[in-house]
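So the structure is just underneath, and the comments pick up after that.
The values are calculated or read from the model by the stated rules, or taken from the named source; none is laboratory data. Nothing here was measured: the structure is a model prediction, and the numbers come from that model. Every residue, glycine as well, gets a Cβ built from its backbone with ideal geometry; the counts of neighbours run over all protein chains shown. Just so you know, the surface numbers come from the protein's heavy atoms only, side chains and all, with ligands and any DNA or RNA stripped out. Shrake-Rupley method; radii C 1.70, N 1.55, O 1.52, S 1.80 Å.
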Amino acid sequence: MLAVRPGKWTLVVIAELRDGTLRFSELRRAMGGVSQKSLTTTLRDLERDGFISRRAYPTIPPRVDYMLTALGLELLALADGWRQFATQNRKAVETARQRFDSHHGQFTFDTENDE
């Protein structure tokens with residue numbers, strides 16, 4: 001069974017690598033607010049799961065390149081489909097939320113009487 005546990009930056013990294021190989025510093029710059037630790041963790045997780053490959057060069061300073069694997073390209077296609085769905089249906093979801101909220105008010109759970 002495949003269990004993908006995407007973190008906050010997972011799909012951002014996948015999307016940034018869509019056009020080819022990037023170095024760690026290029027990825028970090030392109031992603032804006034990601035910390036070095038978060039990016040490192042995300043890249044390790046993606047490499048472990050087979051979505052990206054990593055190539056290190058013995059230079060000073062060290063150079064490390066990241067690229068999507070065939071599995072990563074499939075994940076990119078899914079992410080693009082999800083983005084397209086969200087874009088196409090954003091107004092419908094907002095309308096449904098407004099309609100629900102106007103009929104139901106604020107939704108709360110009654111934990112004392114929960115069976």
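Brief remarks on what is shown
- Total residues in the range 16-55, condition touching an Asp or Glu at 6+ places or on another chain (Cβ under 8 Å), open to solvent by 30 Å² or more (accessible area, probe 1.4 Å) and either within 21 Å of Trp82 (Cα to Cα) or not in a helix (DSSP H, G or I) (or both): 6
- Lys91 vs. criteria among the charged types (D, E, K, R), open to solvent by 90 Å² or more (accessible area, probe 1.4 Å), farther than 20 Å from Pro6 by Cβ and part of a helix (DSSP H, G or I): yes
- Tally, over the range 8-50, of residues that are closer than 15 Å to Asp65 by Cβ, out of contact with any strand residue (DSSP E or B) (no Cβ under 8 Å at 6 or more places or on another chain) and β-branched (Val, Ile, Thr): 1
- Scanning the range 56-67 for residues that are touching a residue at least 40 places away in the same chain (Cβ under 8 Å) and open to solvent by 30 Å² or more (accessible area, probe 1.4 Å) returns Arg63, Met67.
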